[in-house]
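Novice: Below: one structure in structure tokens.
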Amino acid sequence: MPNQGAQQRHQGWSPDRADARRLALGVAQASGLDEIIAADTTLSDVDGEAGRLTIRGYGLDELAGVWSFEEVVHLLFEELFHPMPDEKLLKRALGEARVDVFARCLPSLASLARLDVYDGVRAGIALMPDGDDLECALRLLAAPGVLAPALVRLTRGQELVEPEATGSHATDVVRMLTGDSPSPALAGALDAYFVTVCDHGLNASTFASRVVASTRAGLTSAVLAGLSALKGPLHGGAPGPVIAMLDAIAAYGDAREWLRLSIARGERLMGFGHRIYRVRDPRADALKAVLRRLDARGAMRARLALAEEVEQAALDTLRALKPGRSIETNVEFYTALVLEAVGFPASAFTCVFAMSRVSGWIAHAREQRMTGRLIRPRSRYVGPIAAT
Ligand code: ACO
């Protein structure tokens with residue numbers, strides 16, 4: 001009876017004994033690794049008390065809607081790849097990488113399209129050779145932007161639209177999705193979104209990438225780890241459910257009651273709360289500014305008005321039902337509206353997040369490889385103790 005034996009041995013374990021050993025080792029422990037510093041980085045800093053995001057010395061407000069995605073990628077990759085081309089050449093090389101990825105994946109696209117779009121993008125990226133150089137990095141940077149539009153079109157029964165090597169990444173992504181050259185406003189909205197979410201400290205997916213990079217596996221392996229971590233609804237999977245929530249509230253008619261019932265059922269409101277921010281996520285405001293610029297064209301006035309009403313009702317409800325928790329709007333709430341306005345289906349929202357965050361994963365993987373050690377934390381054993 002192995003279970004009986006395990007139960008008897010288990011009686012020998014006690015939290016006090018485990019804690020004493022942990023303290024003797026001088027090992028810090030925290031559920032969810034809160035407050036644990038696991039890497040030094042020069043890439044980005046999240047100040048959760050002040051609600052400030054810094055990327056390589058620039059505040060988010062200096063970058064979003066001002067710098068292009070390619071310029072910010074150059075900023076992130078600087079000193080991590082040698083030689084590093086100038087910004088213009090990097091933009092062109094990224095365009096050529098889109099063409100290269102499309103050619104490599106074309107024979108597999110029909111079978112990838114049978115998967116959920118996120119899983120299809122991940123499987124497509126797994127086809128890329130592993131490596132550590134800039135050529136490999138640019139292929140990985142290009143890949144989600146090529147694969148997601150192609151898979152969305154195939155599932156809709158539409159013809160594929162091939163990438164173009166010239167032009168900006170955001171413009172080409174929208175063109176591959178819709179088949180038309182986007183207006184500067186729409187391409188600019190996606191570009192500003194890309195800049196807003198490119199990197200964000202040691203979040204779960206970036207940590208996953210750094211762990212894999214610390215073993216000296218290549219960039220493709222590190223990016224696949226990041227992609228897998230991003231998928232979950234507590235991280236990058238929230239914006240799709242935000243659209244479902246807005247639609248459900250619009251149909252129900254009473255936002256406050258809908259939200260109250262949802263929390264009473266023990267559900268989490270998607271697009272609210274953050275492990276680090278105790279105040280409003282600054283990326284939410286950056287994306288709201290993007291929406292206001294689109295709204296100036298009258299394209300989505302009613303949608304934004306509904307979102308603002310729901311946001312206020314959600315914040316009031318969370319304050320009332322989760323007192324003392326500081327649960328504020330996070331980046332995912334307005335992400336959903338920006339990506340909906342650009343024309344992506346909700347099923348592909350997390351892929352669009354990955355199109356940008358892949359730049360952060362690559363930069364962190366390179367940084368870890370160049371300056372860090374193997375990441376190997378300890379676990380606390382709470383199981384049965386051995387008889388001998
Ligand atoms: N809605 C309702 N309650 C919430 C929410 C929310 N969005 N967020 C946190 N809480 C509550 C929890 O239920 C818990 O309450 P309890 O103590 O009464 O049980 C309390 O706040 C603390 O929850 P934790 O899980 O410990 O908080 P954590 O710091 O891990 O939360 C997280 C961070 C996972 C993002 C959480 O706020 C959440 O689930 N939000 C909804 C999903 C979401 O928007 N994800 C995107 C995050 S942004 C990004 O990753 C890019």
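Taken together, the values in this text are just the output of simple stated rules run on the coordinates, not laboratory data. Since the structure is predicted, the reported quantities are computational estimates derived from the model, not experimental observations. All Cβ positions, glycine included, derive from the backbone under ideal geometry; neighbour counts span all protein chains shown.
Novice: 7 Å from Cα along Cα→Cβ at both ILE37 and THR215: what's the point-to-point distance in nm?
Specialist: If labels sit at ILE37 and THR215, their model points lie 2.7 nm apart.
Novice: Okay, next question. Just to compare against my own numbers: the Cα pair-distance distribution for region 85-158, 10 Å bins, whole % per bin, please.
Specialist: Taking all Cα pairs of region 85-158, the binned fractions are 21, 50, 24, 6 percent.
Novice: Hey, another quick one. Considering only C-alpha atoms, what is the centroid distance from region 214-273 to region 311-388, in Å?
Specialist: Using only Cα atoms, the two centres lie 9 Å from each other.
Novice: Something else now. Would you mind telling me which residue in SER214, SER347, SER183 has the biggest mean-square fluctuation in a Gaussian network model of the chain, where springs connect alpha carbons within a distance under 10 angstrom?
Specialist: Among SER214, SER347, SER183, the largest GNM mean-square fluctuation belongs to SER183.
Novice: Taking springs between alpha-carbon atoms closer than 10 angstrom, which of ARG325, ARG98, ARG366 fluctuates most in the Gaussian network model of the chain?
Specialist: ARG325
Novice: Could you tell me which of GLY266, LEU287, HIS364 has its Cα farthest along the dipole of the chain towards the positive end, charges placed at Cβ (Lys, Arg +1; Asp, Glu -1), taken about the Cα centre?
Specialist: GLY266
Novice: Report, in deg cm²/dmol and to the nearest 500, the calculated mean residue ellipticity at 222 nm for the chain, where each DSSP H run with n ≥ 4 adds -39500 (n - 2.57) and the sum is divided by the residue count.
Specialist: Working: 18 runs with 227 residues, N = 388.
That comes out to -18500 deg cm²/dmol.
Novice: If you put +1 on each Lys and Arg Cβ and -1 on each Asp and Glu Cβ, how big is the dipole of the chain around its Cα centre, in Debye rounded to 20?
Specialist: So the magnitude is around 1320 debye.
Novice: With label points built 7 Å along Cα→Cβ from the Cα atoms of VAL66 and ARG280, find their separation and express it in nm.
Specialist: About 1.9 nm, to one decimal.
Novice: I need the helices of the chain that pass two filters: whole DSSP H segments spanning 18 Å or more by Cα along the axis, and mean Kyte-Doolittle score no lower than 1.0. If you can, show how the numbers build up before the last one.
Specialist: Numbers: long enough: 87-105 (27 Å, -0.09); 134-155 (32 Å, 1.35); 239-252 (20 Å, 1.26); 282-295 (20 Å, -0.36); 301-321 (30 Å, 0.11); 349-371 (33 Å, 0.10).
What comes out of the filter, once short or polar helices are dropped, is 134-155, 239-252.
Novice: Name the residue, out of VAL358, VAL212, VAL279, whose mean-square fluctuation peaks in a Gaussian network model built on the chain with Cα pairs under 10 Å.
Specialist: Result for the chain, Cα springs under 10 Å: VAL279 fluctuates most.
Novice: For a protection proxy built on the mean count of beta-carbon atoms within 10 angstrom, sort 245-254, 149-158, 372-381 highest first, please. Let's see the in-between values first.
Specialist: Details: 245-254: 14.6, 149-158: 19.1, 372-381: 10.5.
In descending order of packing, they fall as 149-158, 245-254, 372-381.
Novice: While we're here: Quick query: amide H of PHE272 versus all other amide H atoms, modeled in the peptide plane; which residues come in under 5 Å with a sequence gap of 5 or more or a different chain?
Specialist: Amide H neighbours of PHE272, under 5 Å, 5+ apart: ASN330.
Novice: For region 283-373, what does the alpha-carbon gyration tensor say about shape, rounded, prolate or oblate, given a ≥ b ≥ c as the root eigenvalues, a/c under 1.5 as rounded, and a/b over b/c as prolate?
Specialist: Values: a/c = 2.73, a/b = 1.38, b/c = 1.98.
Note, shape of region 283-373 comes out oblate.
Novice: Still on this structure, I have one more. Using R₀ = 51 Å, calculate the FRET efficiency as 1/(1 + (r/R₀)^6) where r is the Cβ-Cβ separation of LEU89 and LEU261; round to 0.05. Mind showing how you got there, number by number?
Specialist: On the way: r = 55 Å, r/R0 = 1.08.
In this case the efficiency is close to 0.40.
Novice: Go ahead and collect, in residue order, the members of region 70-89 whose backbone nitrogen is under 15 Å from a label point 7 Å along the Cα-Cβ direction of GLU96.
Specialist: Residues passing the 15 Å test: 83-89.
Novice: What dipole magnitude, in Debye to the nearest 20, does region 211-278 give about its Cα centre under +1 on Lys/Arg Cβ and -1 on Asp/Glu Cβ? Walk me through the numbers before you get to the answer.
Specialist: Details: 8 positive and 4 negative charges, 72 e Å.
Around 340 debye, computed over region 211-278.
Novice: Sticking with the crude label model, points 7 Å out along Cα→Cβ, report the distance from TYR252 to LEU321 in nm, one decimal please.
Specialist: 0.8
Novice: Give me the aspartates and glutamates in straight-line cross-link reach of LYS288: C-alpha distance below 13 Å, same-chain residues under 8 apart excluded.
Specialist: ASP61, GLU308, GLU311, GLU332
Novice: What aspartates and glutamates could a cross-link reach from LYS88, if we take a straight Cα to Cα line under 12 Å and drop same-chain neighbours fewer than 8 places away?
Specialist: Partners found: GLU70, GLU71.
Novice: Compute the Cα gyration tensor for the chain, then decide on rounded, prolate or oblate, letting a ≥ b ≥ c be the square roots of its eigenvalues: rounded whenever a/c is under 1.5, prolate when a/b is larger than b/c in the other cases, and oblate in all that remain. Working shown, then result.
Specialist: Numbers: a/c = 1.68, a/b = 1.23, b/c = 1.36.
Because a/c hits 1.5 or more and a/b fails to exceed b/c, the chain counts as oblate.
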